[in-house]
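To keep things clear, I will list the structure first and then write my remarks on it.
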Amino acid sequence: MAIERTLSIIKPDATKRNLTGKINAKFEEAGLRIVAQKRIQLTMEQAGKFYEVHKERPFYGELCEFMASEPVVVQVLEGEGAIAKNREVMGATNPAEADEGTIRKEYALSVGENSVHGSDAPETAAEEISFFFSGLEIVG
Ligand code: DAT
Ligand code: MG
């Protein structure tokens, strides 16, 4: 398995509850390295652009408002098979369906306020990383 990079976001419900460190510990325990990280507050426009793929879904407006409601921590995670590994550590989208020990099982409040985002494929990972970071900001 190749070394990959993936885009992760610690969402407003988690930053608000001061869970950044606990969530980062889960990534590091799984062998994912945080090779870039910053705390930002998204505008509605930026949130809308980031989640454009979901614009026809009924929850799109609510999702964008939530993502712009409080600061988020955006980060690049690096490691062997990082994209799939991160999805494993995150757990299922709906915390009620997430496995024990996953971030969403332990910390998510609901399917909408589910604490973390992670890219789902190599193409989306590359696009999402460049949405937030320049090459100079990523130090492997
Ligand atoms: P994931 O974040 O696991 O990749 P996704 O890409 O299907 O999930 O959806 C993006 C986000 O949209 C998800 O993290 C939370 C929100 N969402 C998804 N399904 C939802 C639903 N049924 N109701 C409310 N929000 C939802
Ligand atoms: Mg997704």
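The values are calculated or read from the model by the stated rules, or taken from the named source; none is laboratory data. Just so it is clear, the model here is predicted, and its values are computed rather than measured. All Cβ positions, even for glycine, are placed from backbone atoms using ideal geometry, and neighbour counts span all protein chains on display. The accessibility values were calculated without ligands, DNA or RNA, using every heavy atom of the protein model including side chains. Shrake-Rupley method; radii C 1.70, N 1.55, O 1.52, S 1.80 Å.
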ask   = Which of (1) more than 15 Å from ligand 1 (Cβ to nearest atom); (2) in contact with a His (Cβ under 7 Å, 6 or more places away or on another chain); (3) aliphatic (A, V, I, L, M) does Leu19 not meet, given it meets every other one?
value = (2)
query = Going through the range 52-74 one residue at a time, which ones are touching a residue at least 60 places away in the same chain (Cβ under 8 Å) and either away from ligand 2 (no atom under 16 Å from the Cβ) or touching a His at 6+ places or on another chain (Cβ under 8 Å) (or both)?
reply = Val73
task = Filter the range 92-111 down to residues that are of a type outside the set (Val, Ile, Thr) and within 13 Å of ligand 2 (Cβ to nearest atom), then give me how many there are.
result = 3
note = Scanning the range 103-126 for residues that are open to solvent by less than 10 Å² (accessible area, probe 1.4 Å) and of a type in the set (S, T, N, Q), the one nearest to Leu63 (Cα to Cα) turns out to be Asn114
query = Only one of (1) within 16 Å of ligand 2 (Cβ to nearest atom); (2) touching a residue at least 60 places away in the same chain (Cβ under 8 Å); (3) touching a Ser or Thr at 6+ places or on another chain (Cβ under 6 Å); (4) closer than 18 Å to Leu7 by Cβ fails for His117. Which number is that?
reply = (3)
remark   = Apart from one, (1) in a helix (DSSP H, G or I); (2) among the aliphatic types (A, V, I, L, M); (3) open to solvent by less than 30 Å² (accessible area, probe 1.4 Å) all hold for Ala96; the odd one out is (3)
Residues (part of a loop (DSSP other than H, G, I, E, B) and free of Cβ contacts under 8 Å to residues at least 40 places away in the same chain) located in the range 2-47 = Asn18, Gln41, Leu42, Thr43
